[in-house]
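Novice: Below you will find the structure I want to go over with you.
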Amino acid sequence: MATLFLASASPRRRELLAQIAVPCVTQIASIDETPLPDEPATAYVERLAREKARAALLALDESADAVVLGADTAVVLEGQILGKPQDFADCSRMLRGLSGRTHQVMTAVALVSAQREAAQVVCSEVTFRHLGDAEIAAYWASGEPADKAGGYGIQGLAAVFVSRLEGSYSAVVGLPLCETAQLLGDFGIACWQQQAAK
């Protein structure tokens, strides 16, 4: 079976792969994540997932039998991509915008090998209850939102903000497991590997 490399430093993506018993080796390659002019969010996340995986594959010596998984997640409100907050004011602006409204979370997963590549984008809809300024400030003070797209992490403290979710919970966290498992199978990488070995 080919070795799976993860082109991401995200501990959440490693945890999600571990959840479905798929071992991986981290192989990070930096790319420019600036959106292109008028680039739709779905095209943006797919492009970044593919580019991350391609760049990581190029950095590998043993690329002949390697498969690289790249992923990217964007929080989108009214067509606008919300990145990671620069500071408290930026985070507060994002969370006030998300407060009491429904937004989209788009996650792309891409698999790349020397022979081929494939990708899929999953869109989920997340609705927040109304947020107060004091809890936004307290959430920022926790340190959690600083490195999160849209200024929040659904798998952490911000779970209490979410009143409704339509779509894939794991995709909102950072990796759509149903679609990822299908892509891995297409590349000859099985899920539940630890269980199969027992």
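The values are calculated or read from the model by the stated rules, or taken from the named source; none is laboratory data. What you see is a predicted model; the values in this text were computed from it and never measured. Note: ideal-geometry Cβ built from the backbone for every residue, glycine included; neighbour counts use all protein chains shown. In case anyone asks, the SASA skips ligands and DNA or RNA and just uses the protein heavy atoms, side chains included. Shrake-Rupley method; radii C 1.70, N 1.55, O 1.52, S 1.80 Å.
Novice: Residues in the range 62-82: is at least one farther than 29 Å from residue 164 by Cβ, of a type in the set (D, E, K, R) and part of a strand (DSSP E or B)?
Specialist: No; the residues of the range 62-82 include none that is farther than 29 Å from residue 164 by Cβ, of a type in the set (D, E, K, R) and part of a strand (DSSP E or B).
Novice: Which one is nearest to residue 64 (Cα to Cα), of the residues in the range 27-52 that are hydroxyl-bearing (Ser, Thr, Tyr) and modelled with pLDDT of 95 or more? Quick ask: steps written out before the conclusion?
Specialist: Let us first name the residues in the range 27-52 that are hydroxyl-bearing (Ser, Thr, Tyr), namely 30, 34, 42, 44.
Next, from what is left, pick out any that are modelled with pLDDT of 95 or more: 42, 44.
Working: 42: 30, 44: 28 Å.
Filtering the range 27-52 for residues that are hydroxyl-bearing (Ser, Thr, Tyr) and modelled with pLDDT of 95 or more, the one nearest to residue 64 (Cα to Cα) comes out as 44.
Novice: On to the next question. Search the range 6-17 for residues being in contact with a helix residue (DSSP H, G or I) (Cβ under 8 Å, 6 or more places away or on another chain) and of a type in the set (Gly, Ala, Ser), and hand back the single one that is surrounded by the most Cβ atoms within 10 Å (Cβ to Cβ).
Specialist: 7
Novice: For residues that are among the polar types (S, T, N, Q) and under 15 Å from residue 109 (Cβ atoms), scanning just the range 41-89, find the one that is surrounded by the fewest Cβ atoms within 10 Å (Cβ to Cβ).
Specialist: 42
Novice: Tell me which residues, restricted to the range 94-126, are under 20 Å from residue 163 (Cα atoms), out of contact with any strand residue (DSSP E or B) (no Cβ under 6 Å at 6 or more places or on another chain) and not hydrophobic (A, V, I, L, M, F, W, C).
Specialist: 96, 100, 101 - these are the residues of the range 94-126 that are under 20 Å from residue 163 (Cα atoms), out of contact with any strand residue (DSSP E or B) (no Cβ under 6 Å at 6 or more places or on another chain) and not hydrophobic (A, V, I, L, M, F, W, C).
Novice: Considering only residues that are out of contact with any helix residue (DSSP H, G or I) (no Cβ under 9 Å at 6 or more places or on another chain), of a type in the set (Val, Ile, Thr) and more than 22 Å from residue 168 (Cβ to Cβ), which ones fall in the range 29-88?
Specialist: Result: 34, single match.
Novice: Within the range 140-187, how many residues are closer than 23 Å to residue 49 by Cα, at pLDDT 95 or above and not in a helix (DSSP H, G or I)?
Specialist: 11
Novice: Please go through the range 18-28 and pick out each residue that is open to solvent by 40 Å² or more (accessible area, probe 1.4 Å) and within 19 Å of residue 170 (Cα to Cα).
Specialist: Result: 18, 19, 23.
Novice: While we're on this one: Among all residue pairs at least 6 apart or on different chains, which show Cβ distances below 6 Å where the first residue, located in the range 121-148, is closer than 17 Å to residue 86 by Cβ and the second is of a type in the set (A, V, I, L, M, F, W, C) and buried (at least 19 other Cβ atoms within 10 Å of the Cβ)?
Specialist: Pairs that qualify, where the first residue is closer than 17 Å to residue 86 by Cβ and the partner is of a type in the set (A, V, I, L, M, F, W, C) and buried (at least 19 other Cβ atoms within 10 Å of the Cβ), are 136/95; 140/91; 145/91.
Novice: Across the range 118-136, what is the number of residues that are out of contact with any His (no Cβ under 9 Å at 6 or more places or on another chain) and either open to solvent by less than 40 Å² (accessible area, probe 1.4 Å) or not in a helix (DSSP H, G or I) (or both)?
Specialist: Residues that pass the stated criteria total 12.
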